[in-house]
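The values are calculated or read from the model by the stated rules, or taken from the named source; none is laboratory data. Bear in mind that the values here come from a model prediction, so they are computed numbers and not experimental data. With ideal geometry, Cβ positions are generated from the backbone for all residues, glycine too; neighbour counts draw on all protein chains shown.
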Amino acid sequence: MSIRELALNLIEHADIAPQEIDLARAAELISWLDPDAGLPEGLTPEALMDAWNDIVRSGAHDDNWT
């Protein structure tokens, strides 16, 4: 799984409409993840924030968000 795929998965399972996140929120999301769950290599708050915000800006989540 890539960081982008992880971000899209988290967005798809969010309880509220997706919106852009900052570094603090990205770090918080990462802290909730199980490190033994095979997280993407290079996962940092910056990388997650960039992928998440790119997905939100591009609307790539629109067909999948529930």
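A few points about this structure:
- Within segment 13-39, residues that are closer than 14 Å to Trp52 by Cβ sit with their Cβ atoms under 9 Å from residues that are hydroxyl-bearing (Ser, Thr, Tyr) and modelled with pLDDT of 95 or more, at 6+ positions apart or across chains, in these pairs: Ala26/Thr44; Ala27/Thr44; Ile30/Thr44.
- Breaking point among (1) touching a residue at least 40 places away in the same chain (Cβ under 8 Å); (2) in contact with a helix residue (DSSP H, G or I) (Cβ under 6 Å, 6 or more places away or on another chain), for Met49: (1)
- Considering only residues in segment 1-28 that are outside any helix (DSSP H, G or I) and of a type in the set (A, V, I, L, M, F, W, C), the one that is modelled with the highest pLDDT turns out to be Ile21.
- Evaluation of Gly42 against (1) at pLDDT 95 or above; (2) surrounded by 12 or more Cβ atoms within 10 Å (Cβ to Cβ); (3) outside any helix (DSSP H, G or I) (one fails), failing number: (2)
- Options Asp54, Asp63, Asp50, Asp36; residue that is more than 12 Å from Glu5 (Cβ to Cβ) and modelled with pLDDT under 90: Asp63
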